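Working notes, structure below.
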Amino acid sequence: MLEIVKAPNPVLSQKAKKIAKVDKAVIKLITDMEEALLAATDPIGVGLAAPQVGKSLQLFIAKPTKKSTLMVFINPQITKRATKERTIKKEEHKKLEGCLSLVNIWGEVERFDSIWVSYVDETGKKHGRRFDGFISTIIQHEIDHLNGILFPRRVLEQKGTLYKSEKSEKGEDVFEEIKI
């Protein structure tokens, strides 16, 4: 099984290369990445980019829930972004993100509510589609990986807070702010 690489592995800070053709090697990589994603249980993985398994390629997979169908994104590009008008405070819109390559590190990141993405799927078919909510967040996080960006950079750009988590004696996650 593919091993998920951890920061500060240099592949995580490089811009990934475009995939010229969806061939048997790419299909095998997708299958191997799905296996690695499903094996990630703490934290549970909902997305995995090729750089996270040591492959500098413009490819990621997403599976927002255990029952979701695996989604494959090859050479994805965000073509449009939108955020709903809010009556709530900006801080209330931020969501806590984690990463399989940064174990026990969490941060509040503000992402766009809706995005439009052009991409190729595992059959080589081109798509242009709108995504909203949680899957939109996953896609933005994974596209950041393809551009060599880890979520703590977004947290710091937004002047947010990073946290380290540990398990309590009861097995519950306890978060402690990381002072920077």
Quick one: in segment 132-151, which of the residues that are without any contact (Cβ under 8 Å) to a residue 40 or more places away in the chain and part of a helix (DSSP H, G or I) is nearest to Val11 (Cα to Cα)?
Asp144
Name the residues in segment 130-167 that are out of contact with any strand residue (DSSP E or B) (no Cβ under 7 Å at 6 or more places or on another chain) and basic (Lys, Arg), would you?
Arg153, Lys159
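Test Arg129 against the stated conditions and say whether it is farther than 17 Å from Gly47 by Cα and assigned to a helix (DSSP H, G or I).
Details: farther than 17 Å from Gly47 by Cα: yes; assigned to a helix (DSSP H, G or I): no.
No: the conditions fail for Arg129.
Please find, within segment 156-175, the residue that is modelled with the lowest pLDDT out of those that are among the hydroxyl-bearing types (Ser, Thr, Tyr) and part of a strand (DSSP E or B). Give the derivation first.
Pass one, segment 156-175, residues among the hydroxyl-bearing types (Ser, Thr, Tyr): 161, 163, 165, 168.
Now restrict to residues that are part of a strand (DSSP E or B): 163, 165.
Details: Tyr163: 96, Ser165: 93.
For segment 156-175, the residue satisfying everything is Ser165.
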Hey, can you tell me all the residues within segment 24-68 that are polar (S, T, N, Q) and at pLDDT below 95?
Thr41, Thr65, Ser68
Those residues of segment 21-64 that are without any contact (Cβ under 8 Å) to a residue 12 or more places away in the chain and either among the β-branched types (Val, Ile, Thr) or buried (at least 19 other Cβ atoms within 10 Å of the Cβ) (or both) come to a total of 3
Would you confirm whether or not segment 104-117 contains a residue that is among the small types (Gly, Ala, Ser), closer than 24 Å to Ala36 by Cβ and at pLDDT 95 or above?
yes
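The values are calculated or read from the model by the stated rules, or taken from the named source; none is laboratory data. No experiment lies behind these values; they were computed from the predicted model shown. All Cβ positions, glycine included, derive from the backbone under ideal geometry; neighbour counts span all protein chains shown.
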